[in-house]
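Report on the following structure.
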Amino acid sequence: MIEDILKDVTEIDAVEGVYLASNRGEILDARGLSFDMDALKELSRRLLSISAFYATLGKKVTELEFYWARNFITCKVSDHFMVVAFSHSTQVHSLLRITLNVTMSKLLENKKFNKWVKSHLADRTYIIKKCEWTEAEEKLLAKLK
Amino acid sequence: MDKNIALHEAVIFALSKSKSPAEVTLRSAEWAVITQVDGQKTVGEVAEVLAMDLDEALNLFNELYEKGLLELISTRKVEEKFLPAEFFDILENELTRIIGPVAPYVIEDVLWAMEANKDQFAEDREAELIEAISEEIPDEHKKVLFQQSMLSKMKDMHSE
């Protein structure tokens with residue numbers, strides 16, 4: 001089910017891979033990536049932290065783009081999950097953004113997938129690890145206020 | 001840079017054999033470029049690896065060349081491919097289907113903002129054009145419908 005939907009993303013040249021994560025930071029599916037699950041979970045936690053911080057300012061984050069571990073990361077965020085793509089080239093970014101937008105739409109319209117994600121979110125065995133901002137993160141966030 | 005050499009993203013440099021980077025003081029951005037120069041990567045590819053704007057990369061390469069730290073390997077430029085007229089017919093039809101008769105005017109406005117025209121529109125900017133036009137569609141659902149439709153059309157055209 002998800003494989004077909006994510007195929008459009010992984011077929012783009014210069015896209016290394018893509019993964020789906022719930023808004024509890026758990027990895028739901030990953031395609032074509034060489035990173036281990038712990039690294040992806042940690043990345044997801046950071047993305048959720050950024051999203052949560054903007055939410056405290058009354059702003060909703062739907063897209064995130066940055067450079068990490070020699071990859072360009074493009075992320076689309078919805079209320080319950082996020083789609084995160086890794087690419088090696090900025091030349092494909094327009095195509096990647098369009099494709100991620102369409103992919104997100106297909107996922108949101110898929111009843112089975114949404115039911116699965118919501119059951120994942122309701123499962124109390126998955127808990128985001130509590131953490132504190134690092135000094136560098138605090139300095140960056142102070143600039144955003 | 002030699003006046004006869006036009007610096008562009010497809011130019012390839014190698015480190016100079018006659019002068020070492022250790023002999024001069026370099027900024028961190030210049031050092032970053034030096035670490036990527038291998039006689040094979042183009043200026044554009046180095047800019048991508050370093051997540052650098054192309055203009056910034058071109059300036060850095062020019063400065064390093066002027067300091068005698070780089071040797072020119074190749075200035076070959078890849079021939080640019082343009083989108084066929086048929087693409088714009090498809091684009092206008094799809095956009096009209098989504099937003100109505102203002103579609104041609106939206107396309108013209110976006111092309112003007114991109115400093116481009118239909119007659120010679122670079123093929124590698126196709127997705128950029130679709131994205132820019134999408135941003136002109138205020139309704140989120142219609143925007144996705146347009147993007148989905150154009151992705152499918154683009155796939156069909158490229159597979160022919």
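Just so you know, all these numbers are worked out from the coordinates, no wet-lab data involved. This structure is a prediction, so every number in the text was calculated from the model and none was measured. Glycine gets a Cβ as well: all are built from the backbone with ideal geometry, and neighbour counts include every protein chain shown.
Quick look at the values:
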item: Average projected area [Cα convex hull, segment B:12-74], square nanometres; result: 3.7
item: Members of A:41/B:41; A:7/B:143; A:106/B:155; A:115/B:153; A:118/B:143; A:76/A:115 lying beyond 23 Å, as alpha-carbon distances in this model show; result: A:41/B:41; A:115/B:153; A:118/B:143
item: Nitroxide proxy distance, nm - points 7 Å out along Cα→Cβ at residue B:15 and residue B:41; result: 1.3
item: Packing rank of A:40-52, B:85-97, A:86-98, where each peptide gets the mean count of other beta carbons within 10 Å, highest leading; result: A:86-98, A:40-52, B:85-97
item: Chain B: angle of helix B:140-159 to the longest principal axis, Cα-based, in degrees nearest 10; result: 70
item: Packing-based ranking, highest mean first, of B:130-139, B:112-121 given that Cβ atoms within 10 Å are counted; result: B:130-139, B:112-121
item: Tensor-based shape of segment A:15-119 (alpha-carbon gyration tensor, a/c under 1.5 rounded, otherwise prolate or oblate); result: rounded
item: Segment A:108-118 - phi-based ³J(HN,Hα) in whole Hz, Karplus 6.51/-1.76/1.60, Gly and Pro as x; result: 5, 8, 7, 5, 4, 4, 5, 5, 5, 5, 5
item: Shielding by partners, peptide A:47-53 (average Cβ within 10 angstrom, other chains); result: 0
item: Cα-centre dipole for chain B with unit charges at Cβ (Lys and Arg positive, Asp and Glu negative), debye to 20; result: 580
item: In sequence order, calculated HN-Hα J values of segment B:22-36 (Karplus, 6.51, -1.76, 1.60; Hz; x Gly/Pro); result: 5, 7, 10, 8, 10, 6, 4, 5, 5, 4, 4, 5, 4, 5, 9
item: Farthest toward positive dipole pole in segment A:2-144 [+1 Lys/Arg, -1 Asp/Glu at C-beta], among A:55, A:23, A:10; result: A:55
item: Per-residue average of Cβ from other chains inside 10 Å of B:144-154; result: 4
item: Projected label distance in nm at residue A:89 and residue A:142, using a 7 Å step from Cα toward the beta-carbon; result: 4.1
item: Average partner coverage of B:127-136, which counts Cβ from other chains inside 10 Å; result: 3
item: Cα gyration tensor category, rounded, prolate or oblate, for segment B:105-160 with a/c compared to 1.5; result: oblate
item: Tail beyond 28 Å, pair distance distribution of the protein assembly as shown (Cα, percent); result: 52
item: Packing-based order for B:43-50, A:105-112, using average beta carbon neighbours within 10 Å, highest first; result: B:43-50, A:105-112
item: Computed FRET value (nearest 0.05) for residue B:71 with residue A:111, which takes r as the C-beta separation and R₀ as 51 Å; result: 0.25
item: Given charges at Cβ of Lys, Arg, Asp, Glu: segment B:85-134 dipole, positive-most of B:114, B:103, B:91; result: B:103
